[in-house]
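So the structure is just underneath, and the comments pick up after that.
The values are calculated or read from the model by the stated rules, or taken from the named source; none is laboratory data. Predicted model, so just to flag it, every value in this text is computed and none were measured. Here the Cβ positions follow ideal geometry from the backbone for every residue, glycine too, while neighbour counts run over all protein chains shown.
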Amino acid sequence: MKVLITGSAGHLGDALTRTLRDLGHEVVGIDIRDGSSITDRACVREKMTGVRSVLHTATLHKPHVVTHEPQQFVDTNITGTLILLEEAVRAGVESFIFTSTTSVFPASGWITEDVTPAPKNIYGLTKRAAEDLCELFHRRERLPCLILRTSRFFPETDDNRSVREAYEDDNIKVNEYLYRRVDIEDAVSAHLQAIERASAIGFGRYIVSATTPFTPADVLELRTDAPRVVRRYVPEYEALYARRGWKMMPSIDRVYVNAKARAELGWQPRHDFRSLIERLETGGDSRSPLARLVGSKGYHAEVFTDGPYPVG
């Protein structure tokens, strides 16, 4: 199968490219770092020839909110997506998988696909608009489109200075597997399952995040005493954290729930908080082999004095 991957030099794009090629598929990429762009229709049309599936991961991200103008977000995240959808229909593509973000959601609560989106910046707003374009093209052109709202999988340090000062970087990331992080290996497998299921499903939006141990009944207590809630579900974490000098965050304000993706896509994520604790107990790495292989990509050519990128 011939697959077009946009953002092919980025974290997820690189991981998808490596995995699909290892599985014997033909992969073509579009990435601004390679001199190609999803806003260049001639380039997109040429790359789309013979393609059966599009994995659209290219985007301007949250880290670009301060360094890029709002119009650039519109150009890349909305116009670029529109061009891809139009050319996918023209080329007879069989499935279009759009990588969106949990940033479309409000920043508190038990977050499922039923929660009304409430983007808080131009990044989330343009990703939400691009989702609606995908839905329009499914209705109008019958193009199978699935949207994967991924949580954090980037390896860069946290953008919040107070968080960086309070916790070791690995400590932060392992904590996040409780509610808002996914290993890139699982993000890749979700995209592969989406390709398989797109024709049968037609259109759908799915949260792609590590499986949380929590339930809706835990939400209020998580806000006031997260360590006590975590202790109920994964009590063995405490001894490991104590040995490492790690801390559990006192409060968790939101939980992203992947139940729909597991049920409808047949997705089976392998990495969650409990599995990471077990792996770390035996001297393993919190990152999957694919995450270690892909490594850090960064978001900017320049280096900033306060954190991995400026925050507005």
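Just one of 116, 67, 112 is out of contact with any strand residue (DSSP E or B) (no Cβ under 9 Å at 6 or more places or on another chain), surrounded by fewer than 18 Cβ atoms within 10 Å (Cβ to Cβ) and modelled with pLDDT of 95 or more; which is it?
116
Please count how many residues of the stretch 202-251 are touching a strand residue (DSSP E or B) at 6+ places or on another chain (Cβ under 9 Å), surrounded by 16 or more Cβ atoms within 10 Å (Cβ to Cβ), in a helix (DSSP H, G or I) and not charged (D, E, K, R).
Summing the residues that are touching a strand residue (DSSP E or B) at 6+ places or on another chain (Cβ under 9 Å), surrounded by 16 or more Cβ atoms within 10 Å (Cβ to Cβ), in a helix (DSSP H, G or I) and not charged (D, E, K, R) in the stretch 202-251 gives 2.
Being surrounded by fewer than 17 Cβ atoms within 10 Å (Cβ to Cβ) and either of a type in the set (A, V, I, L, M, F, W, C) or closer than 24 Å to residue 236 by Cα (or both) is the filter here, so list the residues in the stretch 254-279 that pass it.
Selection gives 259, 263, 268, 270, 278, 279.
Taking residue 164 and the conditions (1) surrounded by fewer than 18 Cβ atoms within 10 Å (Cβ to Cβ); (2) part of a helix (DSSP H, G or I); (3) at pLDDT 95 or above, which numbered condition does it fall short on, given that it satisfies the others?
(3)
Select from the stretch 91-105 the residues that are touching a residue at least 40 places away in the same chain (Cβ under 8 Å) and out of contact with any strand residue (DSSP E or B) (no Cβ under 8 Å at 6 or more places or on another chain) and write down the one among them that is nearest to residue 190 (Cα to Cα).
103
Which numbered condition in (1) touching a residue at least 24 places away in the same chain (Cβ under 8 Å); (2) farther than 24 Å from residue 115 by Cα is the only one that residue 275 fails?
Only one criterion in (1) touching a residue at least 24 places away in the same chain (Cβ under 8 Å); (2) farther than 24 Å from residue 115 by Cα is unmet by residue 275, namely (1).
Okay, residues lined up against (1) among the hydrophobic types (A, V, I, L, M, F, W, C); (2) touching a residue at least 24 places away in the same chain (Cβ under 8 Å):
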| site | (1), (2) |
| --- | --- |
| 5 | yes, yes |
| 15 | yes, yes |
| 24 | no, no |
| 33 | no, yes |
| 37 | no, yes |
| 51 | yes, yes |
| 58 | yes, yes |
| 74 | yes, yes |
| 89 | yes, yes |
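Go over the candidates 53, 103 one by one and state the one that is of a type in the set (Ser, Thr, Tyr), at pLDDT below 95 and under 21 Å from residue 131 (Cβ atoms).
103
Quick check on my filter: what residues within the stretch 155-202 are touching a residue at least 60 places away in the same chain (Cβ under 8 Å) and of a type in the set (Lys, Arg)?
Once the filter is applied, which keeps residues that are touching a residue at least 60 places away in the same chain (Cβ under 8 Å) and of a type in the set (Lys, Arg), the stretch 155-202 yields 161, 164, 173, 180, 197.
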